[in-house]
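Shown next, in structure tokens, is the structure this report addresses.
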Amino acid sequence: MILDMRPVCTYTDFFVLCTGRNPRQTKSIYDEVAARLRAEEGASPRSVEGAAEGAWIVVDYLDTVLHVFTPDTRAFYRLEDLWGDVPQMELEAVAG
């Protein structure tokens, strides 16, 4: 899911929220996103938090902040509900 944060936030434009089944999968999702952004866009994150634990990985690319959750962590923090007043776009899961 993509949350358009521009109407309510000055430090980023978008939150990208995704879920892995477990910490190992969240780390793999983060690794793949980081590798592709580096290879295709030359982009490196400003900061990364939570990669060691894997329950909630937050990757700050300045204009976009990637949040990769385990299911329980995503359900607990409910960022979609917290920011429910911003425009949202759901994306289909991609099997790779």
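Read-outs throughout are calculated quantities, based only on the coordinates presented, and are distinct from any laboratory measurement. Values in this document were obtained by computation on a predicted structure and should not be read as measured data. For neighbour counting, all protein chains shown are included, and Cβ atoms are generated from backbone atoms with ideal geometry for every residue, glycine included.
Worth pointing out:
- Simple Cβ-charge dipole of the chain, Lys/Arg +1 and Asp/Glu -1, about Cα centre, in debye nearest 20: 300 debye
- Computed over the chain, the quotient of the alpha carbon radius of gyration and 2.2 N^0.38 Å is 1.03.
- The chain: relative contact order as a whole-number percent, Cα under 8 Å and 6+ apart: 35 percent
- Share, in percent, of DSSP beta bridges within the chain that are antiparallel, nearest 5: 70 percent
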